[in-house]
Structure formats: C-alpha cells, structure tokens
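**Q** Dumping the structure here so I can ask a few things about it.
The values are calculated or read from the model by the stated rules, or taken from the named source; none is laboratory data. Predicted model, so just to flag it, every value in this text is computed and none were measured. Note that we place each Cβ from the backbone using ideal geometry, even for glycine, and neighbour counts take in every protein chain shown.
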Amino acid sequence: MLKTLKSHKNWVEQYRQVNQQVEDLEVIYEFFKEEEASEEEVDTKYAEALAAIEDLEFRSTLNKQEDELGCLLEINAGAGGTESCDWSQMLYRMYTMWADKKGFKVKELNLQEGDVAGIKSVSVEINGDFAYGLLKGENGVHRLVRVSPFNAQGKRMTSFSSVFVHPLVDERIEVEINPADLEWDTFRASGAGGQHVNKTESAVRVRHLPSGIVVECQQERSQHMNRDKAMQMLKSRLYEQELEKQRVAKSEIESTKMKNEWGSQIRSYVLDDRRVKDHRTNHQTSQVDNVLDGDLDDFLKAFLMTGGI
C-alpha cells in the first residue's frame with residue numbers, strides 16, 4: 001500500500017511542479033508587458049517550462065504496471081570471440097554508469113568471464129523507480145564497429161552482443177510456478193568470493209521445464225539465498241515472456257505501431273566514425289564517449305516517445 005501511495009504522490013507532485021513553472025512563466029510575461037522584466041528572462045523561463053512539460057510528457061509514457069519496477073539486465077556476447085566479449089564488458093560498464101547517475105542500485109548476480117578478455121555473459125539486478133520502464137527498449141542486439149585492439153593487423157571489426165531486460169517482479173505482481181515444473185542443480189561458485197563460497201555448492205541453477213528457461217545465481221553467500229534470488233529471476237523472465245506475447249499480439253492488431261523484434265539489431269556504435277545510431281528511431285549522436293560513459297537518456301527517450309513498447 002505504501003508503494004502504491006508513493007507512486008500516486010510522485011505523479012501528483014510532478015504535475016504540481018510543472019504547473020508552478022507554467023504559472024511563473026505567465027507572471028514574468030506580465031512583468032515583461034509592463035516593462036519590468038527583460039525579454040531574456042522571459043525566454044529563459046519559457047525554456048525551463050517547456051523542458052519540464054516535455055519531461056513530464058516523456059514520463060507519462062511509463063504508465064504500465066511493470067514500468068515502475070526495477071529490472072534484471074542480461075548481456076550475452078555474440079559472434080566475434082574475444083572482441084565480442086570485450087564489447088559485452090563495455091556495455092556492462094555503460095549500463096552500470098547510467099544506473100549510478102540515476103542513483104539506482106546495481107547488484108551483480110551471475111558473471112562468466114571471457115577466455116582472454118571481457119565477459120561472455122552477465123546478469124545484474126538494477127533497483128530503482130522506473131528502472132524497467134526506462135530500459136525496456138534496450139532489448140535486442142547491439143553492434144560495435146571499431147579498429148580492434150585484439151587484431152594484430154589493426155583491422156576494422158564488427159562484433160555483436162545481445163541485451164535482455166526483464167521487469168524485477170515484486171509482491172505487487174503474482175507469477176504462479178508449479179514446483180513440479182522446476183529442475184534444480186547446485187554447483188560450486190566460480191571466481192572471487194572467499195573460501196566459503198568456493199568450497200561449498202552454494203551456486204544454484206534452475207530450469208523451468210515448460211518454457212525451457214534456465215537461470216543461474218551464485219552471488220549470494222548461501223545456497224538458500226541463491227535459491228530465493230534464482231526464483232525471483234525466473235519469475236521476472238516468465239513475466240517478461242508473457243509481456244512479449246502480449247506485445248506481439250497487440251502489434252499484429254495495430255500494424256502501424258513499431259514492433260519490438262527480439263534478436264534484431266537495434267543500435268550501432270561506430271567508434272572510428274564517431275557515431276552512435278539507433279536504427280528504430282534514427283536518433284544518433286557523435287558523442288560516442290559520453291554514450292559509453294552512460295549518457296543514454298536521449299536514446300531511451302527517443303524510443304519511448306515513439307510508442308516503442
């Protein structure tokens with residue numbers, strides 16, 4: 001109840017703030033007509049009010065129940081070997097820096113390192129208001145084009161990594177799972193974590209037989225905690241799977257709306273040409289370093305404002 005109340009209060013407060021800025025603009029415009037305020041002051045206040053209205057309009061696109069939730073972010077290296085693993089690590093850093101700038105909490109759940117460099121796959125939990133709503137458009141394949149530091153001939157190479165975003169279900173959303181549909185395995189955690197983590201079979205793997213979804217978690221200290229976290233991850237993925245079915249059905253009915261194709265190339269990062277382009281919205285920027293340092297908001301907004309999902 002408190003979470004629901006907080007959500008409603010948040011929307012009302014945002015409306016009040018924007019309304020106040022519009023009223024302030026009207027006041028200063030009256031002063032301008034009486035020659036008690038300058039044209040520059042009116043222009044400044046107008047720009048502030050317009051930005052506030054546009055930001056509220058953007059946030060109003062996050063109006064589904066799951067949009068307010070945190071999210072599970074999964075990154076998997078695609079074709080390209082070491083180069084692709086390095087690209088996956090760059091994406092991991094990008095999303096982590098974006099989350100830090102938003103004040104969200106990031107928790108690593110499962111990470112598989114690359115053979116030479118980078119990471120083959122990683123699963124992280126991002127906790128914060130509207131984390132899923134903001135990131136849900138990042139599902140798909142991200143393409144990197146650059147002169148590879150792992151190529152002795154200094155050739156320009158293309159590599160791919162896939163990103164999946166699932167809403168982090170909480171008690172507000174019920175996902176029923178039949179225990180008979182689950183197959184559990186335990187194994188020793190890999191990587192850092194101290195003697196206790198590596199000497200006991202604290203890591204868990206669960207397979208949901210009807211859907212074929214497999215989830216691993218080895219980040220918590222005890223097997224019991226890992227089982228709880230694995231169940232939450234599984235529920236999140238099943239919930240996202242159901243949402244995707246609904247989106248596909250809706251897109252068939254509303255053929256004029258943009259459809260989210262799983263596995264499609266959604267964005268290209270071309271480092272030597274200093275260009276990042278989203279292929280769904282055609283939004284692009286030459287500020288490649290800023291994007292890779294987590295400056296993603298313009299891309300996220302451009303997608304959501306087109307009614308992407």
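**Q** From the set of residues in the range 131-151 that are over 16 Å from G78 (Cβ atoms) and surrounded by fewer than 19 Cβ atoms within 10 Å (Cβ to Cβ), which is modelled with the lowest pLDDT?
**A** N151
Per-residue answers, yes or no, for (1) polar (S, T, N, Q); (2) at pLDDT 85 or above:
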site	(1), (2)
M1	no, no
E13	no, yes
N19	yes, yes
E41	no, yes
L50	no, yes
E66	no, no
E74	no, yes
R93	no, yes
W98	no, yes
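**Q** Looking only at helices (runs of 4 or more DSSP H) that lie completely in the range 39-152, which have at least 1 residues being under 25 Å from N226 (Cα atoms)? Show your work before the answer.
**A** Numbers: elements: 39-59, 81-102, 131-135.
Passing ranges, in order: 81-102, 131-135.
**Q** Still on this structure, I have one more. Which condition number in (1) under 29 Å from L168 (Cα atoms); (2) free of Cβ contacts under 8 Å to residues at least 40 places away in the same chain; (3) exposed (fewer than 14 other Cβ atoms within 10 Å of the Cβ) is the one that E39 fails?
**A** Every condition holds for E39 apart from (1).
**Q** Let me ask something additional. So S38 passes all but one of these: (1) closer than 30 Å to L234 by Cα; (2) among the hydroxyl-bearing types (S, T, Y); (3) out of contact with any helix residue (DSSP H, G or I) (no Cβ under 7 Å at 6 or more places or on another chain). Which condition number does it fail?
**A** (1)
**Q** Scan the range 60-80 for residues that are surrounded by fewer than 18 Cβ atoms within 10 Å (Cβ to Cβ) and either among the aliphatic types (A, V, I, L, M) or in contact (Cβ under 8 Å) with a residue 12 or more places away in the chain (or both) and jot them down.
**A** Matches in the range 60-80: T61, L62, K64, Q65, G78, A79.
**Q** Just checking, how many residues over the range 274-286 are surrounded by 14 or more Cβ atoms within 10 Å (Cβ to Cβ) and free of Cβ contacts under 8 Å to residues at least 24 places away in the same chain?
**A** So the count comes out to 7.
**Q** Go through the range 202-288 and tell me which strands (runs of 3 or more DSSP E), entirely inside it, have 1 or more residues that are modelled with pLDDT of 85 or more and closer than 26 Å to V175 by Cα. Before the answer, list the steps.
**A** Values: elements: 203-208, 213-217, 265-270, 275-278.
The strands (runs of 3 or more DSSP E) meeting that bar are 203-208, 213-217.
**Q** Quick check on L69: is it touching a helix residue (DSSP H, G or I) at 6+ places or on another chain (Cβ under 7 Å) and closer than 30 Å to Q112 by Cα?
**A** yes
**Q** Right, here's the next one. Can you pull out every residue in the range 88-132 that is of a type outside the set (S, T, N, Q), touching a Leu at 6+ places or on another chain (Cβ under 8 Å) and under 18 Å from R205 (Cβ atoms)?
**A** Across the range 88-132, the qualifying residues are L109, V122, V124, E125.
Results for (1) more than 17 Å from L300 (Cβ to Cβ); (2) more than 19 Å from the chain's Cα centre (by Cα); (3) not assigned by TED's automatic domain parsing to the domain that holds G118, shown as yes or no for each residue.
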residue: E54; (1), (2), (3): no, yes, yes
residue: L73; (1), (2), (3): no, no, no
residue: E83; (1), (2), (3): yes, yes, no
residue: D86; (1), (2), (3): yes, yes, no
residue: M90; (1), (2), (3): yes, no, no
